[in-house]
1. Using the Cα centre of the chain as origin and beta-carbon charges of +1 (Lys, Arg) and -1 (Asp, Glu), tell me which of Ser233, Ile262, Pro181 is placed farthest towards the positive end of the dipole.
2. Please list, or write none, the lysines whose alpha carbon is within less than 29 Å of the alpha carbon of Lys480, excluding same-chain residues fewer than 8 places away.
3. I need Ile441, Ile482 ordered by Cβ neighbour count within 10 Å, fewest first.
4. Name the long-range amide H neighbours of Asn207: under 5 Å, sequence gap of 5 or more, or other chain; modelled H, no Pro or chain starts.
5. Run through all the Cα pairs of the stretch 67-189 and give the fraction in each 10 Å bin from 0, expressed as whole percent.
6. How much FRET efficiency would the formula 1/(1 + (r/R0)^6) give for Tyr145 and Met320, where r is the Cβ-Cβ distance and R0 is 51 Å, rounded to 0.05?
7. Eigenvalues of the Cα gyration tensor times 5, then square-rooted: what semi-axes does that give for the stretch 342-395, in whole angstrom, largest first?
8. Given Cβ point charges of +1 (Lys, Arg) and -1 (Asp, Glu) and nothing else, what value in debye, to the nearest 20, does the dipole of the stretch 326-454 about its Cα centre take?
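Readers should treat all values here as calculations from the given coordinates under stated rules, not as data from a laboratory. Since the model is a prediction, treat every value here as computed from it, not as a measurement. No Cβ is skipped: glycine too gets one built from the backbone with ideal geometry, and neighbour counts run over all protein chains shown.
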Amino acid sequence: MSVIKKDTAILKNFINGEWVNSNSIQALDVPNPATNELLTKVPVSTKEDVDLAVVAAKAAFKEWKNVPVPKRARILFKYHYLLTENHEELARLIVLENGKAYKEAYGEVQRGIECVEFASGAPTLMMGETLSGIAEEIDSEMFRYPVGVVGGITPFNFPMMVPLWMFPLAVACGNTFVLKPSERTPILANRLAELFAEAGAPKGVLNVVHGSHDVVNGLLEHKDIAAISFVGSQPVAKYVYQRAAAEGKRVQALSGAKNHHIVMPDADMDRAVQNIISSTFGSAGQRCMACSAVVVVGENDRFVSALKKKADELIIGNGMDDEVLLTPIIRREHREKVLGFIEKGLEEGADLIRDGRREIDELPEGNFLGPTIFDHVTPEMTIAREEIFAPVLSLLRANDLDEGLEYIRKSRFGNGATIYTNNAKAIRQFREEADAGMLGINVGVPATMAFFPFSGWKDSFYGDMHVNGKDGLNFYTRKKMITSRFDG
Ligand code: NAD
């Protein structure tokens, strides 16, 4: 936990290989969501801080882009080794600042390490294409080059995985990077930067600037930033996409979600209940791939009562405790918003069959909310339409699969969707017609791994090239075409 010890008073930015104080005198508290004890403070850095980082990244780019690709990849191999060596410490840091359960955090570290594995293949990934004889005596060749300085803006819910979706691949492709981590989970970012420097990344290749809106706007406006990778909530994603595109930058902006799980009458009910419970309530529902709406097809009271029973049995508490599944919400203010959604659900006539508000007083020190389930929710209700990002589940009733698919189509979000069934025809119809980018067949969290694109649709994504996989490679590289005539 060296990062915390070193920085207890106020976190530093990491610019040009040095730990530096922000120019700002403003700082925000970073409490542990399970106890509200102060962990550290995070500076609200300024546009001047952003400029220092971009100047460093731009200077580093001049040399870094010319470092042979296998040499760049070797730094990632070393980074992979260091992340693996420190796997447990990284997971503990995530629990401390984000609040999720240790097992989840451990899995998140693994997902991040896989991104480094993917990026380590840069020499193969960056290969171009050639065609000899595209016309008489004429050959065509395509080479890939980095785009320049990339800005990355990340959310609180995956402090390790999301930054690692971005900078390892960007840097392996020869870009340099300025990361703006979530101000609510900034600690791990410093540890990631520290280990990257230890792996041999030269000064200025990865920079970290902490803060909030000013840092984001500083990146979006900066003339020397070529591309922006963003992950966060829908309104901010849309703003970042529009603003960065208006400045002529490449942009990929991953956004909010409302993920539907369809439970068909023939489903393996134990498996469906188990998967839905962990998808909905794991990480306190604060996952962009969390299940937040279940479509119950046909009369299926057995499923609903089994779900409620399991929710009643959930152990709530600090993520460091092995038994716990339901961990705290990131901040008190966010819980207040969630309580507003619960009130709205009641006002609009949904049937509250499990009220998680009763657990709030049992664990007063943290930002806890018990599992909350509404039944007989209709697609027009606010709780069915909006992303609540909390342990709150809506059950919608449908007569058949067609109606369930219609609910998914009506949602403005399209990150993920799952079906529970063993019926091949239903599976195929779901695959063809579900209006979302990442589908699960009997899978609770169908999040894709680093080798494939993280593929949200509709208002869950703004841009055209997603993060990870070949999309990520295309986003972080630009192509140059050479046409050669050999007839003389
Ligand atoms: P958030 O939008 O509040 O913050 C994300 C980033 O944007 C942070 O770095 C923050 O400092 C910055 N930011 C926030 N408000 C801003 C503003 N007004 N102007 C400029 N910058 C601003 O998101 P969050 O609460 O940290 O994360 C949760 C959200 O992220 C959820 O909506 C979740 O669905 C989404 N998410 C999506 C994916 C995906 O793959 N689609 C993955 C993870 C999280």
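1. Pro181
2. Partners within reach: Lys58, Lys62, Lys65, Lys71, Lys203, Lys223, Lys249, Lys470.
3. Details: Ile441 14, Ile482 11.
Neighbour counts put them in this order, fewest first: Ile482, Ile441.
4. HN-HN under 5 Å from Asn207: Phe177, Val178, Leu179.
5. 13, 36, 28, 13, 6, 3, 0
6. Numbers: r = 45 Å, r/R0 = 0.89.
The value I calculate is 0.65.
7. Details: eigenvalues 93, 24, 14 Å².
In descending order the semi-axes read 22, 11, 8 Å.
8. 420 debye
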